[in-house]
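What follows draws every value from the coordinates through simple rules; no lab data is involved. Given the structure is predicted, the values throughout are model-derived calculations rather than measurements. With ideal geometry, Cβ positions are generated from the backbone for all residues, glycine too; neighbour counts draw on all protein chains shown.
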Amino acid sequence: MRIAEYVSFDAVGLAELVAEGEVTPAELEAAAREAARVVNPRINAIVETWPADDEPVPGGTPLAGVPFLIKDIGVAMAGRRMELGSRLAAGNVAGADSSLMRRFRRAGLVTFGRTATPEMAFSNTTEPLLYGATRNPWNPELSAGGSSGGAGAAVAAGVVPIAHATDAAGSIRVPAAYNGLFGLKPTRGRVSMGPHFDEVFNGLAVHGGVSRTVRDSAALLDRIRGPEPGDPYFAQEPSRPYAEEVTRPPGSLRIGVLTQAWGGRRTTAPVADALSRTVRLLESLGHRVEEAEVGLGADWEEFVLASARQWTANLTASVDALAAALGRPVDSSTLEPPILAGYHYGQRVSGAQFVTALEIRNRVARSLARYFDAYDLLLTPTVPELPVPLGTHAEGAEALDGLGWLRRLFDLSPFTAPFNVAGTPAMSVPVTADAGTGLPVGVQFAAGYGREGRLFRLAGQLEQASPWSGRTPQVWAGNHTGH
């Protein structure tokens, strides 16, 4: 299969070709590998590929035979490295599949490599020392976002139609916005994080994916959702498959709009303009849209401080466990300055401070939940500005402590993290692009706990009303004319 033909299909479309016998999984994998060979030197999205697996691909699913990439954190594949974007974990090999990896295999996905992540996924840009910066396919001088920046860049450039991603403060939605993709963060408890990764940042982190079409993300979530025995969180199973929701009309929704972020970070003009155009599109589709004042349940600085304590305490425990397992020191030879600063900050977090941070998490969750009684959905920018130049996050980072680093990350992406704290689903949708630069602009919709179906219905409607799949970036595998 030629690359130009390969990139013209989404994941569900490729699986249909396999099911009809028009192409084999091996032929799709070969096309994906060739796409990676063509574009990865320019974007550095993929840190490793491995030889084809001789095991037969399970059939009978909407994703059977589709080439796939996993993120270099959060999912373990037997015999393959999981290095968390860090020198501390360099060369670390997983001894067994995690439960999520087993679900990817049962879905028939053909996993042939892993994508870049910032060190410990502790950034919203992907520029680790271990493997170098991942570049945005729309403009390689810009960030691809993080922490699923490798996944976002690989999908946007046409290597695979969908890739694994995780999200603890926006790590699915920020790369989706920066790379012109669809990305949905599921409800807390929708996808098991276990057994080896427990609840990850006390329930802030979730698994999902980034994709070029809404139906691909729906099909993936259908294949990986559901609990494992002993999971600490539970989300009620949906009444129907998410893949069916994509084509169902959403009805007339009441949508509250938050244009300016908590904490005072101002939304830039290109993003505010994109949000206004989205509002007009929603109104033309029959939705009721109005400005909303959304209380966070905590002062912004109080929220950032609590988040820093929760994040860094978890980071410290993870780093200590890795260092002990691999016999390595915890110092500047193994960790980058912001992560080392976060590690030391986490060492000083007391038990009482950590419990207080969890109490603030509860206040935020309950405060935001009340707004979903008044509104079906909340609409915000995904991020307040267009993709930032590479190196923006690193400016002066060596002088920041753990709190200062998290404050910087939340300042650059203030709209996303509160919905991780609340545990509610949220999605970034590439409804429009900036007229001046052509860069994609993502807008975020959030729904009440367990309401992914509502998000998929609206996303499907928006995809039909304002299609984005025809917009392709500067670095695009489909521009390659060879086989």
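Over the chain, all Cα pairs binned in 20 Å intervals from 0 give whole-percent P(r) values of 26, 61, 12, 0, listed from short to long.
For A374 and A435, a Förster radius of 35 Å and the Cβ-Cβ distance give a FRET efficiency of 0.60, rounded to the nearest 0.05. Across the alpha-carbon atoms of the stretch 24-138, the computed radius of gyration and Dmax are 14.4, 41 angstrom.
Name the trypsin sites (Lys or Arg not before Pro) in the stretch 327-400 that are in a loop by DSSP and that have at most 15 other C-beta atoms within 10 Å, would you? Don't skip to the answer; put the middle values down first.
Details: sites: R348, R361, R363, R366, R370; in loops: R348.
Those satisfying the criteria are R348.
Among beta bridges from DSSP that stay inside the stretch 3-479, the antiparallel ones total about 70%. Assuming charge only on the beta carbon of Lys and Arg (+1) and of Asp and Glu (-1), the dipole of the stretch 3-479 about its Cα centre is about 540 debye to the nearest 20. With the charge dipole of the stretch 3-479 set up from +1 on Lys and Arg Cβ and -1 on Asp and Glu Cβ about the Cα centre, the Cα lying farthest toward the positive end among the listed residues L403, T24, Y6 is that of L403.
The modelled label-to-label distance between E291 and D411, using points 7 Å beyond Cα along the C-beta direction, is 2.6 nm. Computed from label points 7 Å out along Cα-Cβ, the spacing between E55 and T356 is 4.8 nm. Loop-resident trypsin sites (Lys or Arg not before Pro) (DSSP state other than H, G, I, E or B) in the stretch 124-232 with no more than 12 further Cβ atoms inside 10 Å of their Cβ are absent. Take N479 and A324, extend 7 Å from each Cα along the Cα→Cβ direction, and tell me the distance between the two endpoints in nm. Reported label-point gap for N479 and A324 is 5.0 nm.
With a cap of 12 neighbouring Cβ atoms within 10 Å, and only residues DSSP puts in a loop, list the trypsin sites (Lys or Arg not before Pro) found in the stretch 232-297. Working shown, then result.
On the way: sites: R254, R265, R266, R277, R280, R288; in loops: R265, R266.
Loop-located and lightly packed - R266.
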